[in-house]
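Encoded as structure tokens, the structure appears first; notes follow it.
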Amino acid sequence: MDEEIPDAESRNYISCLAWVKQGVAAKVPDKIELSAKELQAIIQDAQSELHRELKAEDDSDEDADTEGGKDKKKKKKTEDEEMDDDGSINAADEFNFDNYDEESGDIYCNMDRLAILEDGKDPNITVADEDDNDSEKEDDIIKPHDNLLLVGHIVDEASILEVYIYNEEESSFYCHHHDYLSYIPLCFEWLDFDPGEQKPGNLCAIGNDTPIIEVWDLDVVGAVGPVFKLGKKPNKKKKIKRIGHKDAVLDLAWNQTHHHILASGSADRTVLLWDLENGTPSSKFSPFEGVVQSIKWHPTKAHLLLTGGMDKKVRLFDGKTEQAKVWQASGEVEKVVWNHYDPNTCFISTDNGFIECIDIRQDNPLWQKQVQEEEIAGLSMSASCQGLLISSNKNGAIKVWDVKNHLEPQLVFEKQSNLGQIICLEASCNSPYIFAVGGDNKAHNLNVLDFSTINEVAEKFKDRAPITSRVNSALRTQREHNESMMDVTQDLGSIALGSLNSKKLIKKKKKPRHRDLYKK
């Protein structure tokens with residue numbers, strides 16, 4: 001997917017999204033509150049580490065220049081030998097780390113301009129709002145029916161992980177907390193495996209524009225960094241060998257059967273399987289001829305990994321046989337998704353507007369249909385409504401398809417959004433009709449869409465969603481109608497009774513602490 005990269009000062013967009021299922025987050029997350037002195041010490045340490053990293057990179061570059069072309073030829077030969085002649089998985093190679101190239105990047109943010117406030121207080125804030133304080137205390141609590149929505153925000157030079165609360169029953173959506181990142185996040189993957197703890201955690205692995213994967217604890221507010229990292233940059237002077245990828249990590253997939261395994265697809269044309277027990281890659285898949293853009297584990301067969309990339313091929317890797325079955329796609333593969341109701345089938349989208357269906361038991365796709373001319377960067381399937389598939393295009397259009405029974409996609413509904421170019425699209429893991437969408441419109445680029453409120457969609461899929469979801473949808477529609485009537489009644493009452501304090505008549509609504517998101 002070719003996209004122009006704008007100047008850092010004008011960027012304002014959503015780079016990636018991920019849902020976290022209900023019931024896994026701590027009711028009251030831990031808060032890390034630092035004094036001004038502690039924060040200043042952390043900033044100084046980070047600055048020192050940044051300077052050491054930059055110096056080490058300069059030294060490494062000088063060493064590489066003095067080695068001459070002979071070593072480069074040797075390195076090239078070694079890299080070519082990593083792939084077997086038949087293109088099969090080179091899982092036993094152990095990555096030949098000694099001969100990887102010397103690429104490295106700055107994984108630390110620039111903290112030179114951060115200000116320390118006296119006593120941790122902003123002098124510009126002089127009045128405290130008691131109602132707002134009470135509301136914020138209530139918002140801090142994560143309820144059993146709350147979903148977390150992880151949002152990657154790029155604002156000018158800042159990269160932010162924002163953790164939103166979405167409650168379908170209450171129709172509430174607001175930002176719970178956020179953390180600043182030192183890189184551009186490209187993908188999120190939730191996992192519960194914490195190698196340092198006995199009990200399951202609530203963690204987020206972040207793939208980004210560096211080769212290093214970071215894992216953050218979502219149950220901590222005010223964290224100053226990840227709980228652990230996957231990957232290491234090489235340093236010849238310190239005799240440190242590269243571990244992991246050589247380029248940006250574009251997609252992540254956690255194995256929900258073997259919880260200690262995390263797969264990563266990269267711009268370096270490889271897929272790595274990480275053993276989270278020791279933080280190192282255990283296998284490497286490398287028959288790719290282009291960037292790996294999308295990966296997904298099979299819903300029921302934990303040894304099967306589906307991949308798609310810019311080489312216009314879809315591959316299904318079998319961890320038992322260390323072989324891959326390959327299908328030719330109509331274009332560069334943007335997304336791959338499994339059909340949860342028939343795990344023998346999957347859907348893919350391409351850069352030239354095709355949606356395709358593959359039966360993994362057959363050698364050719366079941367169908368390949370071009371539904372638009374431009375790329376389909378967003379493709380997501382409902383977790384609990386059979387045949388409900390959502391796609392998006394770069395012009396901001398969102399389309400709802402029915403793909404039940406392996407039929408070619410039937411267009412159910414189409415709407416032009418106000419999100420700008422849509423960059424990411426993700427289905428809720430708990431609700432059949434809820435999808436989150438992110439784009440690049442500066443004024444409005446994040447939305448949670450409830451397709452059960454669309455008549456055409458509700459009628460088409462009314463008998464396929466779980467009964468509880470249909471009941472909740474009806475209750476939510478009725479509640480929204482009641483709230484609308486209350487607002488109208490209140491407006492009329494305020495005209496007749498100008499002295500009446502209308503705030504006491506209706507329950508205060510939560511205000512989303514949502515900053516206008518980011519544009520490229």
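Gln362 meets all of the listed conditions (1) in contact with a Ser or Thr (Cβ under 9 Å, 6 or more places away or on another chain); (2) surrounded by fewer than 16 Cβ atoms within 10 Å (Cβ to Cβ); (3) modelled with pLDDT of 95 or more but one, namely (1). Only residues that are touching a Gly at 6+ places or on another chain (Cβ under 9 Å) and either surrounded by fewer than 18 Cβ atoms within 10 Å (Cβ to Cβ) or closer than 14 Å to Cys357 by Cα (or both) were counted across region 295-306, and they come to 2. Restricting region 154-185 to residues that are in a loop (DSSP other than H, G, I, E, B) and not β-branched (Val, Ile, Thr), the residue that is surrounded by the most Cβ atoms within 10 Å (Cβ to Cβ) is Glu168.
Among the residues making up region 377-411, those that are part of a loop (DSSP other than H, G, I, E, B), within 25 Å of the chain's Cα centre (by Cα) and surrounded by fewer than 20 Cβ atoms within 10 Å (Cβ to Cβ) are Ala383, Ser384, Gln386, Lys394, Asn395, Gly396.
Going through region 218-242 one residue at a time, which ones are in a strand (DSSP E or B) and crowded, with 20+ Cβ neighbours inside 10 Å?
First, pick out the residues of region 218-242 that are in a strand (DSSP E or B): 220-221, 228-230, 232, 235, 240.
Answer for region 218-242, where residues must be in a strand (DSSP E or B) and crowded, with 20+ Cβ neighbours inside 10 Å: just Leu230.
Just one of the numbered conditions (1) within 21 Å of Arg361 (Cβ to Cβ); (2) under 17 Å from the mean Cα position of the chain (by Cα); (3) free of Cβ contacts under 8 Å to residues at least 40 places away in the same chain is not true of Ala267: (1).
Taking the criterion of being closer than 17 Å to Tyr166 by Cβ and either buried (at least 20 other Cβ atoms within 10 Å of the Cβ) or among the hydrophobic types (A, V, I, L, M, F, W, C) (or both), the residues of region 420-436 that qualify are Cys424, Leu425, Glu426, Ala427, Ser428, Cys429, Ser431, Pro432, Tyr433, Ile434, Phe435, Ala436.
Test Leu492 against the criterion of being assigned to a helix (DSSP H, G or I) and either modelled with pLDDT under 90 or under 21 Å from Tyr174 (Cβ atoms) (or both), and give yes or no. It is true that Leu492 is assigned to a helix (DSSP H, G or I) and either modelled with pLDDT under 90 or under 21 Å from Tyr174 (Cβ atoms) (or both). Residue count for region 147-161, restricted to those that are more than 16 Å from Asp440 (Cβ to Cβ) and touching an Asp or Glu at 6+ places or on another chain (Cβ under 9 Å): 5.
If you check Glu414, Glu408, which single one turns out to be in contact with a Lys or Arg (Cβ under 7 Å, 6 or more places away or on another chain) and either at pLDDT below 95 or more than 22 Å from Glu356 (Cα to Cα) (or both)?
Details: Glu414 fails: either at pLDDT below 95 or more than 22 Å from Glu356 (Cα to Cα) (or both).
Result of the check over Glu414, Glu408: Glu408.
Would you confirm whether any residue within region 318-332 is part of a strand (DSSP E or B), β-branched (Val, Ile, Thr), surrounded by fewer than 19 Cβ atoms within 10 Å (Cβ to Cβ) and touching a residue at least 12 places away in the same chain (Cβ under 8 Å)?
For region 318-332, residues part of a strand (DSSP E or B), β-branched (Val, Ile, Thr), surrounded by fewer than 19 Cβ atoms within 10 Å (Cβ to Cβ) and touching a residue at least 12 places away in the same chain (Cβ under 8 Å): present.
The values are calculated or read from the model by the stated rules, or taken from the named source; none is laboratory data. Just so it is clear, the structure is predicted and the values come from calculations on it, not from any experiment. In this analysis, Cβ positions are derived from the backbone assuming ideal geometry, glycine residues included, and neighbour counts consider all displayed protein chains.
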